[in-house]
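Working notes, structure below.
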Amino acid sequence: MAQGPDSGGLEAFLSALKRELLAFRQFHSLLQAEQDALVSGNTDSLIALAQQKNEKVIELTQLAEQRNRFLTDRVGSTNQIGMEAWLDSFDPADKQGVGKWWRELIELARNAKTLNQHNGQLIHTRLASNQQALAVLMSANATTSNLYGKDGQAYATPPTGSGRPLGKA
């Protein structure tokens with residue numbers, strides 16, 4: 001790495017880029033764990049995973065802002081084209097591997113987006129199923145014409161003392 005008047009800023013940038021890559025790997029693992037929990041029905045772990053994901057998103061946002069400030073100062077652009085322009089000027093042969101980090105980060109971001117969308121679909125499907133089950137239970141509770149007394153006659157409301165509550169049958 002070339003030492004110069006801006007080497008401190010460069011070193012901080014490269015360190016932040018490494019941390020961003022690591023954070024994206026961790027975020028991707030959290031999304032995969034969320035998907036595994038959704039598929040297996042282990043919903044108890046989803047709250048903890050959601051908290052961890054939120055913390056990781058905050059960290060990723062801060063690291064992206066740091067990267068964007070650096071790129072704005074150097075090349076005036078914070079998008080992928082700006083990053084690639086900076087990479088071309090900093091290390092065109094990618095001898096230091098920064099381009100490889102960047103490509104992995106971009107790939108992880110794409111995969112995380114796809115994984116997150118799939119998890120959202122799984123959540124939506126599970127929610128719809130739960131809502132249908134709840135609707136069936138609610139309509140069964142509202143429809144009391146299916147109650148019969150000892151004489152075989154249907155009652156709108158059960159006669160007092162003529163049966164057991166469903167939970168005690």
Legend entry - Sparsely packed trypsin sites (Lys or Arg not before Pro) within the stretch 21-121, loop by DSSP, other Cβ within 10 Å at most 11: Lys95
Legend entry - Local electrostatic count at Lys100 - Lys and Arg +1, Asp and Glu -1, tallied over other residues with Cβ under 11 Å: -2
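Here, each number is a calculation from the coordinates, and none is a lab measurement. No experiment lies behind these values; they were computed from the predicted model shown. Backbone-built Cβ (ideal geometry, glycine too); neighbour counts: all protein chains shown.
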